1. Helix 188-200: angle to the longest alpha-carbon principal axis of the chain, degrees 0 to 90, nearest 10?
2. How high is the relative contact order of the chain, in percent, with contacts defined as C-alpha pairs under 8 Å that are six or more residues apart?
3. When the Cα centres of the range 1-37 and the range 153-227 are compared, how far apart do they sit, in Å?
4. Just to be sure I understand, if you calculate percent of Cα pairs over 26 Å apart for this structure, which of (1) 38; (2) 45; (3) 49 do you get?
5. Cα to Cα, under 14 Å, and not fewer than 8 places away if on the same chain: which aspartates and glutamates meet these conditions relative to residue 54?
6. Please work out the C-alpha center-to-center distance from the range 55-113 to the range 236-270 and express it in whole Å.
7. Below 22 Å, Cα to Cα, which lysines can residue 147 reach? Residues fewer than 8 away in the same chain don't count.
8. Working from Cα positions, state the angle (0 to 90°, nearest 10) between the long axis of helix 34-58 and the longest principal axis of the chain.
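What follows draws every value from the coordinates through simple rules; no lab data is involved. None of these values were measured; they are calculated from a predicted model. Here the Cβ positions follow ideal geometry from the backbone for every residue, glycine too, while neighbour counts run over all protein chains shown.
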Amino acid sequence: MLRKLAAAYRISDGRNFRLDGVDPGDTDGSSLDKKEAKALLRQGIDRLAELQDKLYAQDRWAVLAIFQAMDAAGKDSAIKHVMSGVNPTGCDVQSFKPPSEEELDHDFLWRAMRRLPERGRIGIFNRSYYEDVLVVRVHPEWLERQKIPEPLKTPRIWEERFEDINAVERYLARNGVVILKFFLHVSMDEQRKRFLKRLDNPEKNWKFSTADIEDRRHWDDYMRAYEEAIRHTATAHAPWYVVPADHKWFTRLVLVSALIDTLEALDLAYPSVSAETRALLAEAREALERE
């Protein structure tokens, strides 16, 4: 089931993409109960750990997984669960919050580009440069903070940013960075339920912000911004996965499926050892056994 699961949500050509064609509550007709879903996720996590070990040993490819979503869609918990079996040595998680003054003094891609994963590693961006065609588009006041010269703030600025993103992602792909982009698609009603749970639980009150309520008022604007972003930047070398997020167990299965499919396609293997090295290893074994 895992190997076929993610393909249904993969967008590699966004020209005709419509967000309303993806149901946030979809579970692909699955009849799994919680116990079965948990066991299947465990299998996926174990397989992902095996592949990540080879990725790290081979030291040729880098993997960049980008997570975007509305608040309470489950990004943090999904990353926590899906990556729970991965060796921390070979994985980096970068969370992008509102830009600092230093970051605002650079181009919109700068802060993300300096945090790209090294070869052999999986890099996770919890939010990313896509914020600059999403939240900045919905809230124009953020664009004013970016100190862009007035002549450059034309009606084509969003199209130009899509072009820049596509060019950078193409460049990265040509240099061995494998890119997967996930939009965790939660419904407005499910977000409301999760916000209420946060408010009801004192230990989760810290996760709630009044800005979350403000963004709900812009829900339709955000959905249009996401649709436009996916439509303009979904490519074969940097696909989007529009993942139903109303059921967290299903979201996690789709995510681990996408990562497994991607890593398996790289034909990863442990580095081969030369005859000379094998001879040296044999000598080392003999020396250790004589001790």
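1. 80 degrees
2. That works out to 38 percent.
3. Centre-to-centre distance over Cα atoms comes out at 18 Å.
4. Recomputing percent of Cα pairs over 26 Å apart here picks out (3).
5. Once the sequence-local aspartates and glutamates are set aside, what remains near residue 54 is 46, 264, 267.
6. Computed from Cα coordinates, the inter-centre distance equals 15 Å.
7. Within the straight-line cut-off, residue 147 pairs with 97.
8. Between the helix axis and the principal axis of the chain, the angle is about 60 degrees.
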